[in-house]
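The values are calculated or read from the model by the stated rules, or taken from the named source; none is laboratory data. Quick caveat: nothing in here was measured; it's all calculated off a predicted structure. So basically every Cβ, Gly included, is an ideal-geometry build from the backbone, and we count neighbours across all protein chains shown. Areas reflect the complete protein model, heavy atoms only, side chains present, ligands, DNA and RNA absent. Shrake-Rupley method; radii C 1.70, N 1.55, O 1.52, S 1.80 Å.
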Amino acid sequence: MTTSEANTEHPNIIPQLDGLRAFAALIVVGSHTGQIGLSLIFPSLTGGFGVLLFFMLSGFLMGYLYLHKPLDAPSVAHYVAGRVARIAPIYLLAVTLAYIASAMLGPQFIYYINGRDFIRLLAFSGSSHVFWSIPPEVQFYVAFAGFWYAVRRGYVGLAVPAVILLAGIMMLFRPIFPGISLPSHFHIFFLGVTLAVMVRSGVTGMISSKVAGSIQALSIIALLMVSLRVWPDKAFIESIGWDDNAVVYGNIGLVLCFGAFLLASTVPNRFGSAVFANKLMRRIGGYSFSLYLLHEPILAATGYLTSDFLPGSIVIIIGICLSLAVAALSFHWFERPMQRALRTPIAKLVYAVIVRTKQTLGWAQAAPVHVVEPAIQTVSNP
């Protein structure tokens, strides 16, 4: 099958995945209400489910959007520009605002960071607050480029077994790696990439829409039951390693369950379309990165200003609505404009560096810069 045929059969936009990003972000938001003095929606550890889903979605979307493409200078330039323009502007803005607020409000600020934390976060190596999850994401983007190279150069027979072995080794030695390092979460990202390869190869064509919808529905029910501790068999929860001291990301059973949930979400079905592919969830999915980065200070401020005279449930609703409103403003007035402004110059710069490097090493002749397409389609990017 040619690339063009693959693109026709497997469009780059999978509507349910937009809603899945919204679902993941809302889980994280719900898990943080108890940490800021509001009524608890989910136990705080449940936020790990949302981050786990974010990591797996990143692996899936990178594999789905790029592995089938040729590995050449324009494609690499597009890849780098898309990742940098997507992650860096809003992340660096959030970190900078957190540092300014920390200097003004002091240690009581929920996102308090000192000068050392600030420098580490600017270098994508910090572990403060929700920002801890960005370093492993960025590290994965670098590692994925190597896997992409191996696949497109015909080293699949070597690369895939090597990566599987590497994932297993990292799982065994996971406790010794810092939480902000890729090895702590490599198996999650890699499973996402694996699922993308399965979808591109047509595996999901064998999954009926009814089965996919049932898997999604049962997964949500199970997630809520485990999160709210209403699972009928406590011994079962303990047997899968789920207790208040468990590390969600290191539980291979949970990771595989989320993998089944994600795979089912790539199959069009009535349940998924109604729950995840509706306009509201897809819109929130677009705002999910800003929502993830900015919601805690907004919830905390809402609780501080209104909890004395409003019921806790109303305070939570107001806080979530305000968080969504700020995320929407961030997306429309900062994220998307910055992405549009940065993609083309970054792509051209990366392309020029690649061409110059190849020339210096004697690997290729010069090629005209206008070969680089100025726009990058990132509708389904995480």
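List of remarks:
- Total charge dipole magnitude, region 60-141, about the Cα centre, Cβ charges on Lys, Arg, Asp, Glu only, Debye to nearest 20: 20 debye
- Qualifying chymotrypsin sites (Phe, Trp or Tyr not before Pro) in region 130-187, DSSP loop, other Cβ atoms within 10 Å at most 14: Tyr155, Phe173
- Of the trypsin sites (Lys or Arg not before Pro) found in region 103-164, those in coil by DSSP whose Cβ has at most 11 other Cβ atoms within 10 Å are Arg153.
- Region 172-232 - percent of accessible surface contributed by carbon and sulfur, probe 1.4 Å: 78 percent
- Value of Rg to Rh for region 87-171, rounded to two decimals, is 1.19; Kirkwood radius and Rg both from alpha-carbon coordinates.
- Sites listed here are chymotrypsin sites (Phe, Trp or Tyr not before Pro) in region 287-318 whose DSSP assignment is loop and whose Cβ has at most 11 other Cβ atoms within 10 Å: Phe309.
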